[in-house]
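Below is one structure, written out as structure tokens, with a few remarks after it.
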Amino acid sequence: MTDENDYRVEEDSMGEVRVPKDALYGAQTQRAVDNFPVSDLRFGRRFIRALGVVKLSAAKANNELGTLDDEKKDAIVQAAREVAEGEHDDEFPVDIFQTGSGTSTNMNANEVISNRASEILGEEKGSKAVHPNDHVNMGQSSNDVIPTSIHVAALTAVEEDLLPALENLAGELDDKAEEFDDIVKTGRTHLQDATPVRLGQEFGGYAAQIEKGVERVEKSRDSLRELAIGGTAVGTGLNTHPDFPEKVVENISEETGVKFVEAENHFEAQAARDAVVEASGALKTVAASLMKIANDLRWLSSGPRTGFGEIDLPAVQPGSSIMPGKINPVIPESVCQVAAQVTGNDAAINVGGQAGNFELNVMKPVMAHNLLQSIELVANVSDLLADRCVADIEANEETCAENAERSLAIVTALAPHIGYDDAAEIAKQALKEGRTVREVAREHGLSDDELNDYLDVRAMTERGILD
């Protein structure tokens with residue numbers, strides 16, 4: 001049975017609402033909690049941090065412009081900084097699947113900061129000595145605060161987490177490309193034997209995929225750098241000082257250490273979420289690269305007795321609850337699952353990006369959640385793949401050499417000398433009789449000297465015709 005003393009009564013424009021007595025949030029947040037019992041998904045640390053930074057930056061700007069007094073500014077800045085630093089994360093209970101503008105979460109922040117700032121000034125929670133709308137939200141609207149917070153959260157996550165993780169992975173793959181450069185193996189196309197490659201060339205290809213992924217992510221930063229703050233309700237900037245957005249953006253850049261700029265066009269910045277779609281597209285491409293690389297590692301290490309067995313992945317845990325001694329490629333499997341999740345997140349973001357009706361996109365919360373989750377997942381799993389898998393991969397040189405010599409595809413090097421049709425006959429005979437191309441070609445009149453020149457598998461890994 002609930003005790004009435006566990007609650008306090010707060011008011012908003014719709015009337016009175018009972019709020020948990022000790023909560024820093026207020027009436028509008030409680031309404032949202034009651035209205036949206038949809039999932040267990042809430043805005044995470046990155047977004048709440050960004051929201052706190054935006055609010056304290058706005059308070060500083062309003063003070064500089066003479067619209068907010070020093071006492072209230074100092075209290076708001078202190079309270080908003082506490083939000084940014086994670087002291088009040090439990091005070092953000094609103095579901096991701098809420099009003100599409102994110103108004104509920106903006107008001108959640110306004111109420112938490114308002115009540116905490118009032119406490120700092122010696123007043124009680126709910127007193128509105130520092131008002132959530134008039135003071136904390138001064139010069140702002142949910143319609144510019146939420147997209148601004150999305151961009152701040154996403155770009156700082158890209159700079160601080162994602163790019164360093166991708167560069168770490170690219171570096172480990174580059175190291176393996178150099179280490180394995182002299183190891184010749186059979187190439188494979190369509191999962192069938194193909195002409196030889198060097199193991200280092202394969203790993204160099206993986207490294208290049210991730211390096212190009214870094215470039216794609218870096219390009220998306222320019223769009224995320226633009227902030228919607230100052231557009232207020234529809235992009236016109238009604239009820240905002242003309243110099244407000246410039247000062248807020250400067251403050252945000254100073255607080256985060258990341259360069260931000262005012263949106264070039266405030267109507268685009270609020271009506272559309274194309275920057276989020278663009279960034280997610282880059283992440284989806286990186287995810288596709290990660291899945292390709294992870295699956296190649298699984299194939300190359302398959303076995304250990306009946307698979308390709310050309311590389312050994314580090315053994316990090318037992319692989320089976322029933323088969324003793326079995327070791328599975330668990331890190332690449334984790335990577336593949338992340339790639340699937342990021343691809344799904346991108347689909348939701350793409351649909352969300354189409355929901356910009358006239359002057360406002362109304363799917364911002366789910367787009368923000370998915371983008372930030374994708375950044376976090378790709379960053380974490382890239383470091384995992386680099387540090388707990390790629391760094392300790394070992395090559396099985398003998399297996400690679402044997403597979404290269406046994407491959408029927410090395411007959412390709414004979415074609416310029418004996419013709420395609422005769423080379424195909426040699427390959428077919430070798431396959432039928434279970435012999436090597438070299439053995440059969442000798443019976444077709446090629447000398448050992450010619451075969452040593454033409455069937456030099458190391459030389460086949462470079463451009464040119466073998467003489």
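Rule-based calculations on the coordinates, nothing more; no lab input. Quick caveat, the model's predicted, so the values are computed rather than measured. Don't worry about glycine lacking a Cβ; one is built from the backbone with ideal geometry, like all the others, and counts go over all protein chains shown.
Determine ³J(HN,Hα), in whole Hz, for all residues of segment 173-186 in sequence, where each value follows from phi through the Karplus function 6.51 cos²θ - 1.76 cosθ + 1.60 and θ = phi - 60°; x replaces Gly and Pro.
My calculation for segment 173-186 gives 5, 4, 4, 5, 4, 5, 4, 9, 5, 8, 9, 8, 9, 6 Hz in order.
Once the dipole of the chain is set up with Lys and Arg at +1 and Asp and Glu at -1 on Cβ about the Cα centre, which of S118, T99, C389 lies farthest towards its positive end?
T99
Helix 397-406 versus the longest principal axis of the chain: what angle, 0 to 90°, nearest 10, using Cα atoms?
Tilt of helix 397-406: around 60 degrees.
Please go through segment 297-345 and write out the trypsin sites (Lys or Arg not before Pro) that DSSP classes as loop and that have at most 16 other C-beta atoms within 10 Å.
Filter output for segment 297-345: R305, K326.
To the nearest 500 deg cm²/dmol, what mean residue ellipticity at 222 nm is calculated for the chain from DSSP H runs of n ≥ 4 alone, each contributing -39,500 (n - 2.57), summed and divided by the residues?
Computed mean residue ellipticity for the chain: -18000 deg cm²/dmol.
Using alpha carbons only, how many degrees (0 to 90, rounded to 10) separate the axis of helix 45-64 from the longest principal axis of the chain?
40
Please report the net charge: other residues with Cβ closer than 12 Å to the Cβ of T399, K and R +1, D and E -1. If you can, show how the numbers build up before the last one.
Values: positive: K185, R305, R406; negative: E310, D312, E394, E397, E398, E402, E405.
Local charge sum for T399: -4.
What does the charge dipole of the chain about its Cα centre add up to, to the nearest 20 debye, if the Cβ of each Lys and Arg holds +1 and the Cβ of each Asp and Glu holds -1?
Details: 43 positive and 84 negative charges, 236 e Å.
Roughly 1140 debye for the chain.
Go through K292/K326; K212/K432; K176/K428; K21/K259; K212/K364; K128/K219 and tell me which ones have a Cα-Cα distance over 32 Å in this structure.
Long pairs (Cα-Cα over 32 Å): K212/K432; K176/K428; K21/K259; K128/K219.
Where the centroid of each part is defined by its Cα atoms, how far is segment 227-247 from segment 250-290 in Å?
18
Are there GluC sites (Glu not before Pro) in segment 235-337 that DSSP puts in a loop and that have at most 16 other Cβ atoms within 10 Å, and which ones?
Within segment 235-337, the qualifying GluC sites (Glu not before Pro) (loop, at most 16 other Cβ atoms within 10 Å) are E264.
What dipole magnitude, in Debye to the nearest 20, does segment 127-212 give about its Cα centre under +1 on Lys/Arg Cβ and -1 on Asp/Glu Cβ? Don't skip to the answer; put the middle values down first.
Details: 6 positive and 16 negative charges, 90 e Å.
That gives a dipole near 440 debye.
In the chain, what % of DSSP beta bridges are antiparallel (nearest 5)?
Beta bridges within the chain, antiparallel portion: roughly 90 percent.
Could you give me the ³J(HN,Hα) list for segment 284-296, computed from phi with Karplus coefficients 6.51, -1.76, 1.60 and θ = phi - 60°, whole Hz, x at Gly and Pro?
Along segment 284-296, the couplings run 4, 5, 4, 4, 4, 4, 4, 5, 4, 5, 4, 5, 4 Hz.
If you put +1 on each Lys and Arg Cβ and -1 on each Asp and Glu Cβ, how big is the dipole of segment 23-138 around its Cα centre, in Debye rounded to 20?
So the dipole magnitude of segment 23-138 works out to roughly 360 debye.
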